Amino acid sequence: MHSHLKPIAAVTGSLVLAASLTACGGSSAASDEKVVTVYSADGLKGENGDGWYDQIFKDFEKETGIKVKYVEGGSGEMVQRAVREKSNTQADVIVTLPPFIQQADSKGLLQAYEPQGADKVNGADKSGDGKWTSVVNNYFGFIYNKKELTAAPTTWEQLLDPKYKDKLQYSTPGVAGDGTAVVIKAIHDFGGKEPAMAYLKKLQANNVGPSSSTSKLAPKVDKGEILVANGDVQMNFAQSKSMPNLGIWFPAKDGGKPTTFALPYAAGLVNKAPHSENGRKLLDFMLTEKAQKQVSAVGGGFSARSDVKATDANAIELVKLLEGVEIFEPDWQEIDKNLASYVDAWKSATGS
């Protein structure tokens, strides 16, 4: 009878041991857990479970047995949370828009890991020291309500029109990646910090006020509660499938060309990650050819790998959207260095 009980006792014994190790933060048990925690900027998970993340997390779990725990917020918000948790790291992988991935790195949140397939990602879309790699390429943009507005606005200056009073909103610079992008694009288009801030000060008369998350603005535009908001091409394109009144546009300065810049979702392995091995596996998985082909077909974004040529209907439509739009390349190192001063200048200009 004793021998009959033995295997059960052995099993429960090891379970108790695992539980006690996890409780006191023993890495051996934690690293065996079939789980990986992702802190991410919003935009890649679908409103109805139909986003790129929904698809690849499901495929990843099926293939590896590793369950993805997902935490979402604005880019800046996710970095701040990871900084607060430095003494008790919770996240394994962090995904944000620039300049927040650079900020995560400068705050010591990332460890070097070059995922398989990273060699196919363009140099500008990954860090030189292997700390982060873009997993979905994307561009900054604006949205408008196509039903209420007969024509899309085309310039920044048009947004100062009183008809946009309380009908325009953009997410908060310094908190949201796309909000910070408003400031970066304005500085580029107006030719410097001073003229950009002078413009944003005027625009404040029409602005509804802050929003920590950009993805929450699209439903308001779709319903006509507001007419114009900021966003990004991937997120808004994906949202437009269930929000038919969203139109995407790129502001120009009066007399200039519409402009935009790449705003990729960049992923890094978190320093002292509780499940770093699982984090590496997920980063590898995100850059597989299959997952990268789904970026446009499922997620409405652009593949981060230069060798993946998507030919689905979404990919063709996305290329059309950017026709005639001038794409500039921000100096992200400089922006990371001066981000606080840009955000302060924006706060004082807008009284935020």
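Quick rundown of the values:
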read-out: Placed amide H near Thr155: partners under 5 Å, 5+ positions off or other chain; value: Ala252
read-out: The chain: Cα Rg divided by the 2.2 N^0.38 Å rule of thumb; value: 1.08
read-out: Per-residue [θ]222 nm for the chain (sum of -39500 (n - 2.57) over DSSP H runs n ≥ 4, rounded to 500); value: -12500 deg cm²/dmol
read-out: Alpha-carbon Debye profile of segment 133-271, log10 I(q)/I(0) at 0.09, 0.11, 0.14, 0.19 Å⁻¹; value: -0.25, -0.37, -0.60, -1.13
read-out: Charge dipole (debye, nearest 20) of the chain; +1 at Cβ of Lys and Arg, -1 at Cβ of Asp and Glu; value: 600
read-out: Rg ratio (alpha-carbon, reference 2.2 N^0.38 Å) - segment 207-304; value: 1.36
read-out: Acute angle (nearest 10 degrees) that the helix 2-23 long axis makes with the longest principal axis of the chain, alpha-carbon atoms; value: 30
read-out: On Cα atoms only, tilt of 177-190 relative to the major axis of the chain in degrees; value: 30
read-out: Inter-label distance for Asp129 and Lys320, nm, one decimal - labels placed 7 Å from Cα along Cα-to-Cβ; value: 4.5
read-out: For Val35, Val221, order by how many other beta-carbon atoms lie within 10 Å, fewest first; value: Val35, Val221
read-out: Cα principal axis extents for segment 154-213, largest first, Å; value: 26, 26, 19
read-out: Counting DSSP beta bridges with both ends in the chain, the antiparallel % (nearest 5); value: 55
read-out: Footprinting exposure proxy for Lys45, Lys67 (fewest neighbouring C-beta atoms within 10 Å first); value: Lys67, Lys45
read-out: If the convex hull is drawn through the Cα atoms of segment 285-352, its volume per residue in Å³; value: 170
read-out: Integer Hz, Karplus 6.51/-1.76/1.60 couplings in order for segment 76-92, x for Gly and Pro; value: x, 4, 5, 5, 4, 5, 5, 5, 4, 8, 3, 7, 8, 4, 10, 8, 9
read-out: Cα-based shape type of segment 68-220, given that a ≥ b ≥ c are square roots of the gyration tensor eigenvalues and the cut on a/c is 1.5; value: prolate
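Laboratory data are not the source of any read-out in this text; all were calculated from the coordinates shown. Because the structure is predicted, anything quoted here is derived from the model rather than measured. Because the Cβ atoms are built from the backbone with ideal geometry, glycine has one as well, and the counts that use them run over all protein chains shown.
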